[in-house]
1. With respect to the numbered conditions (1) assigned to a strand (DSSP E or B); (2) farther than 19 Å from B:Gly91 by Cβ, which one is the sole condition not fulfilled by B:Gly523?
2. With the condition kept exactly as written, say whether any residue in the range A:34-55 is assigned to a helix (DSSP H, G or I), more than 25 Å from B:Gly47 (Cβ to Cβ), within 8 Å of chain B (Cβ to nearest Cβ) and at pLDDT below 90.
3. Filter the range A:376-396 for residues that are in a helix (DSSP H, G or I) and touching a Pro at 6+ places or on another chain (Cβ under 8 Å); which is surrounded by the fewest Cβ atoms within 10 Å (Cβ to Cβ)?
4. When you scan the range B:150-196, how many residues do you find that are among the hydrophobic types (A, V, I, L, M, F, W, C) and in a helix (DSSP H, G or I)?
5. Give the residues of the range A:312-359 that are under 30 Å from A:Asp271 (Cβ atoms), assigned to a strand (DSSP E or B) and small (Gly, Ala, Ser), sorted by residue number.
6. Restricting attention to the range B:228-241, report how many residues are in a loop (DSSP other than H, G, I, E, B) and more than 30 Å from the chain's Cα centre (by Cα).
7. Which members of the range A:98-113 meet the condition of being away from chain B (no Cβ under 14 Å) and either surrounded by 16 or more Cβ atoms within 10 Å (Cβ to Cβ) or more than 17 Å from the chain's Cα centre (by Cα) (or both)?
8. Being over 23 Å from A:Met334 (Cβ atoms) and in a strand (DSSP E or B), is that true of even one residue in the range A:144-167?
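The values are calculated or read from the model by the stated rules, or taken from the named source; none is laboratory data. Bear in mind that the values here come from a model prediction, so they are computed numbers and not experimental data. With ideal geometry, Cβ positions are generated from the backbone for all residues, glycine too; neighbour counts draw on all protein chains shown.
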Amino acid sequence: MDRSAHRWKTVLHRWSLLLLALPIAAPVAGQDAGRAASLRAERLVKAADLRPPESPGRLERLFGRAERRVVGGGGPTGIFGFSPIAGGLKPGAGLSGGVRFAPFSPDRGLLVEADAVAGTRRYWSVSGRAGYRTARHAVLGYARHWHLAGERFYGRGPNSNRDDRSEYRLDESVAGSLFHLSIGAGFQVGGRAAYQVARPGPGRDADVPDAVDTFSGEVPSLLADSRHVAAGGWIAIDRRDPGLGSDGMHASLQALTPTEMDISGMPLATDRGVYAKVELTHYVGVGGTPYDLSRLVAQSQQYVPFRRGRNVFAFREYLALTGADAEHVPIFMMPTLGGAYTLRGYELFRFSDRSAFLFNAEYRWQIWHLLDMALFLDAGQVFSEARDLSFGHLHVSYGVGIRLRAFDRGIGRIDLGRSEEGTQIHVRLGTTF
Amino acid sequence: MTRETTACSEVHSSRPAAWWAVAVCLTVVLGVRSAGAQVFRPDDPIGVDPDRLDMPAPEPREISEYFNAWIHIVGDPGSYEGKAANVNTLGDVPSSSWYEPRHYWHRMTPEELRRGPNEGDGPDAAGTWHVTRAQLDEETVRIEMVDVRGDAYVLTLDPMGHIELVSGAAFISARLLHAMGYNVPESFIVRFPRERLRPSPDAVLDAAGGRDALTARSLDALLVHAARYDDGTFRGLARSMPDGETVGPFQYYGTRPDDGNDIIPHEARRELRGLRVAASWINWTRVSSHTTLDVVVREEGREFVRHYLSNLGGTLGAGPGGPKHRWEGFEYLVDGSAILKRTATLGAVGSEWATIDYTDYPALGRIEAEHFRPQRWRPVYPNPAFRRLDAADAFWAAKQIASFSDDDLRAVIGSADYSDAAVVERLTDVLRARRDRISQAFLPYGGGIDRFDVQSGFLTFVDLTVRHGLVRGDRLRHVIWRSFDNISGMDGRILVADQIRGPRLVVPPSDSDMLVAEIRTPGGGSTRVYLRTEGGEREVVGVERRGASEGMP
């Protein structure tokens, strides 16, 4: 039907309805046709001017797409296997994000994925993992290279000076494998072996002194490349509710390299249960690296809920002990304290040494279904020998935070920490502490 | 007098067009305006709203649930303000495509209550059910299937760990809402073995990871999320879609521009405003446009849209994938004042619902009556029709809810085939107690009287506050009779001033065509009852109630 004919048909339809409506609505002189007749007439009048519903606006279309993705599909494999990553680099990388390629659904057990992530402070990393993973066990091979453009270092020991801030660059490659087995009731065991190469160098910021220059006398091995073969094992009990789930595996994978402080996060969404882990790793220097070292890490977490989990006391204790001569622990392998994950009132990596002790306490309370508030207290100290640890001289910080969580996961947090050295604000994405 | 009648000029809008403006003006001037010269029109009170006229079918539409939630949380999309616009002069909702007066007006038998909207017998249990689509939505398995007779159903299975939870809630709520007068699809409790389900060749699976072909294996994987009885059988609710073309959900505000019958803003409809009270009773926190259905039906040669309430799985103690969240029913998803309270008090104040103890029945979920306050009950997010609930709307809904006797409730709940008799008893107790709270909250409006009639020279009524145990014994009431001018809408001279104790009063002799009796109940507001002489007999033509508060109850 051409447009002209359609228009005439529409006009004819409208007038016919109107002619039908008028006698119904209009009373004979002095008579009331009644309420029902009036309602009927109104409807006929409207029927003569029916219009199609308005098309959805841009915002509605946007919501609709998001809804279809969440409800109708999309899911972990993303679009053609690609999905965005928020965060994903070490603290200090600045605002970071990237993309993950995971072509297979995690439901199928086969894990094949690769990440590329970059941060605003010129940090970046590429990594890949492949293996088989179920809810009970995992066998994985992995490889990663990361470029850390400006890691901070203030000197070794608990009495380092804030004004001695320096930087160094670190390029690190690691390849290895691990196994992980859940043996029931929350108990887990695992082991790993890895080969890693670390190449330190000058930091990126010209205004900040190089650690290589500032502390080369104190830590001579900082100047040299290091190569290590690491092997170790752990035993853990994880009865947190909700736990980290599959995110726990990723967190575990992120902490596999010898240079990284293996400190387990406190999941933002966990409101009950306990977690404890003991891990022993031995590092053998190879390829001309003249030193070996061993590290024992023990950590635990406790979550005490009340008011049915809407209010929670959360605690974490952490102890890392390194067995080696002090001068044979390069700074990038030292435990550090300070920053969003440890002492929140201090700057990132503010304290470094061979060993470290940390205690965190939080009172969390839910203010909304997706938001928690928290008051926190952190205390910790780095030390070279066990006899140096003094609970009377702990570095202490305290503060308040707000946390976003959904679907039993932590999405991100903002913490405002205060210490004798000032105030720090931390904005972090992710599920963990 | 404030009339509870539809207001034509407020209920439709049209695009400016010269010829059309002339036509509308003609209609208004000749029809509606002259008709409005009388307060009570010859056919008042109407029992049927003529909204089932033969009309072109509207276009199917989809509404984003997320977007819908967003616009309701950040603002109020409704624009109509005022009293309900679709009621008759008695304050009741006439029969329409939205609503059909049932249990309160014509008492249903226990068998009718149990049967609810069902006309058929449900899926054929003898043959295979061919699955055409399967989905995991909020941890709940939904399956679209066709039985051997070719009848299509949507099957909602109970979630893992909570057998009978969702199916029981949806089944019971459908019957209660149907008895109240709402349109709901047919629904059946089904229990079946895995072998009865067989994917059709073109069946699809919508799940995390996208749409995929549904195979026997992927169906098995999906069914892992559903609860089973000890013998391995599943239980679910099979909903039969109404005959006709589904054209999407309806909104709780505005009208459909492509439906000629839809002239009254939905936020002005008493049955939708009053649904807030009914929703609070059955704890239907997920009530939204997403749980509605518009269907084009054909009856007696006319094609029109019938409006259904659907997806009742989120009622009673059931929530998405298990029991309701604790906060549901107590605050909105985004509730600023509660957030501020909790923030300022370190969580000590503002979430009293967190400590409520619920009985440990997996089939019951989270519903109780002790902490239920009908006035403070909240759906998950604001609803434009619910926002406009006034005392008259609440009274209308409450009198219907109060009309469900304990035996009625037991009959409905007992028909949900709970395997534990204690669940039936507990749920009956809870709904009975919630019903009574609603009665206490809303029935006293206007004095709590209804069902007016003129018999043998007496104006009789039912005192709902006495009938439902809110007040003991007959109450003392003051009555003033006046003549009434149906043209000016003004009261005339006082004919009689009297006091009554009991549910009837003498109609005074008068030459006036119309009388009005103002019945004041000390501490309970007043009700004006209008009588008209028709064929030499007096008849009740209008009722108007006033209470201490006309606004949000």
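1. Among (1) assigned to a strand (DSSP E or B); (2) farther than 19 Å from B:Gly91 by Cβ, B:Gly523 violates only (1).
2. no
3. A:His393
4. 11
5. A:Ala314, A:Ala320, A:Ala356
6. 5
7. A:Gly98, A:Arg100, A:Phe101, A:Leu111, A:Val112, A:Glu113
8. no
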